[in-house]
Every structure is written in structure tokens, then in C-alpha cells.
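Undergrad: I have a structure here, written as C-alpha cells, and I will follow up with some questions on it.
The values are calculated or read from the model by the stated rules, or taken from the named source; none is laboratory data. Bear in mind the structure is a predicted one, so any value in this text is a computation, not a measurement. Positions of Cβ are backbone-derived with ideal geometry, glycine not excepted, and every protein chain shown enters the neighbour counts.
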Amino acid sequence: MIKLYDYVLSVNCYKQRLMMSILDVEYETVPVDFFPGWEHKGEEFKKINPLGHIPVIDDDGYILWDAHAILVYLAAKYDPSGRWYPTGDPGLLGETASWMLFAEGTTNTASAARLCINLGYDFDLEACQAGAHRLFRVLDEHLWFREREGREWVCSGAHPTIADIALFPDVVLSEEGGISRLDYPALRRWTDRVKRIPGFEGMPGIFPASQGR
Amino acid sequence: MAGANSECQNGAVLDQWHPLGAIDEAEPNVVHVTRLLGESISFAVTPEGRSAAWRTRGDLAAGMPVDPESVAGTLPSRCEFLYVWTSLGDPPERSFEIPEFFEPDRRNFNACTIGLHTSAPRAVENFLDMGHFPFVHDGLLGSEPRTEVVDYNVHVDGDTNEIWATECQFWQPAASATATEGQMVDYIYRIMQPYSILLYKSCPAAPERMDLIGLFVQATSEEHCRGHMFLSLIDDESSIGHIRRFVQTIFAQDVPIIENQNPKRLPLDPQAETPIRSDRASILYRRWLSDLGVTYAVIPAA
């Protein structure tokens, strides 16, 4: 069974839990005392990941780290439909890769701001917040045009991709980093759509979407 | 004179002891910098657990090595109940007592320190509220439809001037890190000082004793704070990591609720927000803050 080295409040770990929940993949978590224990920076953990960060998965001896790389692996291996990581469609695959790189940006701004405020990380909070707003504006506009075309997801296919999973936690927890989403209506509608994907599970700080009547 | 050079001008708050950080998490003999009441405050601890705190200054920057006992011009400070405490005013000799803390079979540790964009008293009041359990902590501290807050007693202790809410009961599906089934849980709340609250809760491992969970809030400004989650548990089964995971899950569920309460400063005017019967402890807390003369991080009653 897949082992996920996990911290319950980490957005990057949550991305993996969300993906595995949606793909109905069985896994077990190995809790890492990330905060305030800094277990991931300790010598023991560095034997697993010398970079000293989480998440890490151990799939029957195959070890992989880096949140967005793990999403690629999980979707490629455990989604037989091939829609979450659309290797069969070069155009869509290119878009997916592009938005995955964009998600590195939201992680390093929006989620970094959250680490500053909640866990006391010594980043430049105002720069993180300003950077997040810059990216959110781009994403909001992009999603607004997608909606005009009758499309619901970040990439142009009819089905969500790992790019939606990579972006969602950074966006939906942004308020904890002091980044309001009031000005991004298309972004808010998209987060509600993600919450209604079958198999969706939340994390502390994320409320489920109200069930449609 | 107390408070003469402080940004906060509220004597009732300046004279309190305020937590700055967990002793165990502060590397000894190194300068640590944090904020308190709108000011930058530095502190350091010795390996033996003595401390010094001072208003941050250029010659002692964050991360620099320092012998805490050689620093001149320090503020009052003490290491107590897991944390380094300081005061920007004229603090009392003793802050509060936790006799249970010294029982040899207890495990005492900081579960987490989490920054919140709200005022310190809003954080305390949320901690005091049982009504939100089934809605915010569904499946852990409560579950619909069992939403009733049974009537409880609340009073100010005449000797210590602390608030006590007793005979609180709530049905909880997973009351602690070790719980395996739902149970009716007994609670006692105790507010020792304006921004510090302690909860006594039924202990699964020792039915005649109680676990202690404290929220000691560091008001970094009027509308920002850091919550230090103090634990004193009788539980020799669970790992510290497991307990922290449980407590931090609950804390993180509260974050969006607390941060969306507006205004962020706690209004003390009884007409400002509409309480219900189960809010009797909060009503008393707000009145008690008024009586103590607390004006920082609150909106005083007109």
C-alpha cells in the first residue's frame, strides 16, 4: 500500500490526499511532526528525503517527493481513464504541464503567506501576498473565459486534471494567508466545482460545498 | 512608569504576563524575536531554563548568540508552564497556578503555536464556546443532530478573580486522540487572565482526573495574535506527534471561523452582538474584561 509521509496542515500533502481520495487509491499516512517538531528537518527523515521536505510517497519501495511530481505519478499510474494526466492528448498535456508550473507560483506565494501568518515562517509576507494577487488575477480571468466557452476546469478538456488539484489548495486556503478572494468571482465558482468532484475530501480549514438540492 | 514608552497604553494589559514562545522550541543562548502588543520583543533562554526578554535592539539581532543573563535593560520575564513570559508593565509576582502540571505522570508539551488574524480575546472566546462543536468540528468534538449545550454554571472566583465555567457537558464522537467511541464529556473552563484560558476535560485514561488544554494567547497587535496550545495530559499511549496532529486538526478547523468574525476586536458592549443562552460564559468574559479595565484588542463599551 502507498505510504504518504504527511502533515495534516500542509497544502502540498493535502494535494496528495485529495488526489488519492478522488482516484479511490488506498493509502496509509505516516504522520510527520512538521510543526513544531521539525521532524522533516531531522537526520532520520533526511534518509527518506535528503531535501528534508514533505510530502513523500513510498509506493511499495518506489520513493518520490515533490508535491506536483507525485500528482503526475499518481494520476499516470492510478487513473486508468487517463484523463487526470492526459498523456494521450499532447495539447492538453502541454496545458496541464503549464498550469502545474503556474501552481508552483501559487504555492510559493499564497501558501507561503499562510506559512508566514499561521506558522510564523520568516518570509516577506507582503511580497507573498502581492504575488498571490497577481497570479489569482490571471487565473480568475482565465477561468472566466473558460466559463464563457462552457468549460469548467483550468485546462481546456471536459474533465479536470492534476492542474486543478495542484492549484485548488493554494487558492482555497488563501484567506489564511490574508489574501481575500472577494475580487475573484470566477475563482470562487471554480473552487465550488472542485469541491463537487466525486470523491472530494477536505482538510481542516476547508468547508465542503453545500449539497445541491 | 509602566507603559510610558509602550505602543499599548492600557495598564490592565501591560501589567499582565504574556507568553512569547515555547521554551523547548527556543534554541538556548540565541536571540529570538517576536511581537507583543504592537512592539518587537526579543528573548533568549539558558539551557537551564532561565530567560531574558527585552525590547528588540540593533546590537542583538535575531539568531545572534547571547548569554541571556548578561543582557542589560531587560523586561520582567519568567519561564513557566512550558513558555517564556514577559510583561511590558508592572506584573504581579504570580500569574496563575496550575497544580496539576507538576503531577509526575502527566505529559506536558506545546501542541502548536499558530498565528491568527484576529484579536486575542476573539481567540479566547472561540475556545470558550461549545456551541460551534457540531458545526465546525463535525465527527470529532460534536456531531449533528446532538447540538444541545446543556446548561452550565459560570462565576468569577472571589479569591483569584478568575472566571470558572463548571458542569459543562457535551456529547463528542471523538473527544481526544485516544477516543474510540462517542461519549458525554465533562468540561470545566477557567479564564485566568484576559488572554489566557484553560480547559479541564474528562480524561479517558483516568476517569477520576482531568486532562488540561490551555490556550495562552500572545496579542501581537490589537488584531493579530499567536495562540500557544498548552497540553497537560494523562496519556502514556499516544505519541506526541499523534496528539499534536489531533489538536492541530481541531485548531485549523477553527481558523477560518475565528478570522471571519468582524469586527476583529472583541466588542464589550452587551448590545453589540446577540448572545444566546449557551453564551453565558462569553457574556461574563466580556463583562469581566470591562471590569478589569481592558481596552486593548477590544471595542470598549460606550
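Undergrad: Being in the same structural domain as residue B:24 (by TED's automatic domain parsing) and either among the β-branched types (Val, Ile, Thr) or under 25 Å from residue B:214 (Cα atoms) (or both) is true for just one of B:61, B:52, B:72. Which residue is that? Spell out the reasoning first.
TA: Values: B:61 fails: either among the β-branched types (Val, Ile, Thr) or under 25 Å from residue B:214 (Cα atoms) (or both); B:72 fails: either among the β-branched types (Val, Ile, Thr) or under 25 Å from residue B:214 (Cα atoms) (or both).
From the options B:61, B:52, B:72, the qualifying one is B:52.
Undergrad: Within the stretch A:113-127, take every residue that is part of a helix (DSSP H, G or I) and loosely packed, with under 15 Cβ neighbours inside 10 Å and give me the one that is farthest from the other protein chains (Cβ to nearest Cβ). Let's see the steps before the verdict.
TA: Narrowing the stretch A:113-127 to residues part of a helix (DSSP H, G or I): A:113-119, A:125-127.
When the remaining residues are screened for being loosely packed, with under 15 Cβ neighbours inside 10 Å, the result is A:126-127.
Details: A:126: 14, A:127: 17 Å.
Once the filter is applied, the top-ranked residue is A:127.
Undergrad: Give the residues of the stretch A:6-18 that are of a type outside the set (Phe, Trp, Tyr) and either closer than 25 Å to residue B:24 by Cα or at pLDDT below 95 (or both), sorted by residue number.
TA: From the stretch A:6-18, those of a type outside the set (Phe, Trp, Tyr) are A:6, A:8-13, A:15-18; that's our starting set.
Once the filter is applied, which keeps residues that are of a type outside the set (Phe, Trp, Tyr) and either closer than 25 Å to residue B:24 by Cα or at pLDDT below 95 (or both), the stretch A:6-18 yields A:6, A:8, A:9, A:10.
Undergrad: Scan the stretch A:144-163 for residues that are of a type outside the set (Gly, Ala, Ser) and either surrounded by fewer than 23 Cβ atoms within 10 Å (Cβ to Cβ) or outside the structural domain of residue A:115 (by TED's automatic domain parsing) (or both) and jot them down.
TA: We begin by selecting, within the stretch A:144-163, every residue of a type outside the set (Gly, Ala, Ser); these are A:144-149, A:151-155, A:159-162.
Scanning the stretch A:144-163 gives A:144, A:145, A:146, A:147, A:148, A:149, A:151, A:152, A:153, A:159, A:160.
Undergrad: Can you find a residue that is aromatic (Phe, Trp, Tyr), closer than 20 Å to residue A:114 by Cβ and buried (at least 20 other Cβ atoms within 10 Å of the Cβ) anywhere in the stretch A:196-209?
TA: Kept after step one, since they are aromatic (Phe, Trp, Tyr), are these residues of the stretch A:196-209: A:200, A:207.
Filter once more, keeping what is closer than 20 Å to residue A:114 by Cβ: A:207.
Of the ones still in play, those that are also buried (at least 20 other Cβ atoms within 10 Å of the Cβ) are none.
There is no residue in the stretch A:196-209 that is aromatic (Phe, Trp, Tyr), closer than 20 Å to residue A:114 by Cβ and buried (at least 20 other Cβ atoms within 10 Å of the Cβ).
Undergrad: Please count how many residues of the stretch B:129-146 are within 12 Å of another protein chain (Cβ to nearest Cβ), hydrophobic (A, V, I, L, M, F, W, C) and part of a loop (DSSP other than H, G, I, E, B).
TA: Of the stretch B:129-146, the ones within 12 Å of another protein chain (Cβ to nearest Cβ) are B:135-140.
Filter once more, so that each one left must be hydrophobic (A, V, I, L, M, F, W, C): B:135-136, B:140.
Now restrict to residues that are part of a loop (DSSP other than H, G, I, E, B): B:140.
Residues that pass the stated criteria total 1.
Undergrad: Okay, next question. Here are A:179, A:197, A:165: which of them is within 14 Å of another protein chain (Cβ to nearest Cβ) and at pLDDT 95 or above? Break it down into steps so the answer makes sense when it comes.
TA: Details: A:197 fails: within 14 Å of another protein chain (Cβ to nearest Cβ); A:165 fails: within 14 Å of another protein chain (Cβ to nearest Cβ).
The unique qualifying residue is A:179.
Undergrad: Sort out which residues of the stretch B:210-230 are within 14 Å of chain A (Cβ to nearest Cβ) and either within 14 Å of residue B:196 (Cα to Cα) or not acidic (Asp, Glu) (or both), and write them in order of number.
TA: The first filter runs over the stretch B:210-230 and keeps only residues within 14 Å of chain A (Cβ to nearest Cβ), leaving B:218, B:220-221, B:223-230.
Residues satisfying the conditions are B:218, B:220, B:221, B:224, B:225, B:226, B:227, B:228, B:229, B:230.
Undergrad: Right, something else. Evaluate the following for residue B:233: is it of a type outside the set (D, E, K, R), more than 14 Å from every other protein chain (Cβ to nearest Cβ), touching a helix residue (DSSP H, G or I) at 6+ places or on another chain (Cβ under 8 Å) and within 21 Å of residue B:137 (Cβ to Cβ)?
TA: Taking the combined requirement at face value, the residue satisfies it.
Each row is one residue, and each column tells you yes or no for (1) within 17 Å of residue A:2 (Cβ to Cβ); (2) under 14 Å from the mean Cα position of the chain (by Cα); (3) assigned by TED's automatic domain parsing to the domain that holds residue A:156.
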site	(1), (2), (3)
A:49	yes, no, no
A:54	yes, yes, no
A:57	yes, no, no
A:60	yes, no, no
A:64	yes, no, no
A:71	yes, yes, no
A:83	no, no, no
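Undergrad: Okay, next question. Look at the stretch A:147-202 and say how many of its residues are among the aromatic types (Phe, Trp, Tyr) and either part of a loop (DSSP other than H, G, I, E, B) or free of Cβ contacts under 8 Å to residues at least 12 places away in the same chain (or both). Please lay out each step first, then the result.
TA: Initially, the stretch A:147-202 is screened for residues among the aromatic types (Phe, Trp, Tyr), giving A:153, A:168, A:184, A:190, A:200.
Remaining after also requiring either part of a loop (DSSP other than H, G, I, E, B) or free of Cβ contacts under 8 Å to residues at least 12 places away in the same chain (or both): A:153, A:184, A:200.
The number of residues fulfilling the criteria is 3.
Undergrad: Could you list, in sequence order, the residues of the stretch B:187-224 that are free of Cβ contacts under 8 Å to residues at least 24 places away in the same chain and touching a strand residue (DSSP E or B) at 6+ places or on another chain (Cβ under 7 Å)?
TA: Step one: filter the stretch B:187-224 for residues free of Cβ contacts under 8 Å to residues at least 24 places away in the same chain, giving B:200, B:207-208.
Residue satisfying the conditions is B:200 alone.
Undergrad: So, residue B:156, is that one crowded, with 18+ Cβ neighbours inside 10 Å and either closer than 30 Å to residue A:32 by Cβ or away from chain A (no Cβ under 14 Å) (or both) or not? Spell out the reasoning first.
TA: Working: crowded, with 18+ Cβ neighbours inside 10 Å: no; either closer than 30 Å to residue A:32 by Cβ or away from chain A (no Cβ under 14 Å) (or both): yes.
It is false that residue B:156 is crowded, with 18+ Cβ neighbours inside 10 Å and either closer than 30 Å to residue A:32 by Cβ or away from chain A (no Cβ under 14 Å) (or both).
Undergrad: Let me ask another. Could you give me the residue pairs with C-beta distances under 6 Å whose first residue belongs to the stretch A:55-71 and is small (Gly, Ala, Ser), whose second residue is surrounded by fewer than 16 Cβ atoms within 10 Å (Cβ to Cβ) wherever it lies, and which are 6+ apart or on separate chains?
TA: none
Undergrad: Considering only the stretch A:19-78, state which residues are at pLDDT 95 or above, aromatic (Phe, Trp, Tyr) and out of contact with any His (no Cβ under 9 Å at 6 or more places or on another chain).
TA: A:27, A:62, A:73, A:78
Undergrad: Might you let me know whether the stretch A:7-26 holds any residue that is touching a residue at least 24 places away in the same chain (Cβ under 8 Å) and over 20 Å from residue A:194 (Cβ atoms)?
TA: First, the residues of the stretch A:7-26 that are touching a residue at least 24 places away in the same chain (Cβ under 8 Å): A:7-26.
Filter again for over 20 Å from residue A:194 (Cβ atoms), leaving A:7, A:26.
Yes, some residue in the stretch A:7-26 is touching a residue at least 24 places away in the same chain (Cβ under 8 Å) and over 20 Å from residue A:194 (Cβ atoms).
Undergrad: Checking the conditions here, which among B:45, B:31 is more than 27 Å from residue B:213 (Cβ to Cβ), buried (at least 20 other Cβ atoms within 10 Å of the Cβ) and either modelled with pLDDT under 95 or not assigned by TED's automatic domain parsing to the domain that holds residue B:222 (or both)? Quick ask: steps written out before the conclusion?
TA: Numbers: B:45 fails: more than 27 Å from residue B:213 (Cβ to Cβ).
Only one candidate qualifies: B:31.
Undergrad: Residue A:157 fails exactly one of the following numbered conditions: (1) more than 14 Å from chain B (Cβ to nearest Cβ); (2) over 22 Å from residue A:80 (Cβ atoms). What is the number of that condition?
TA: Single failed check for residue A:157: (2).
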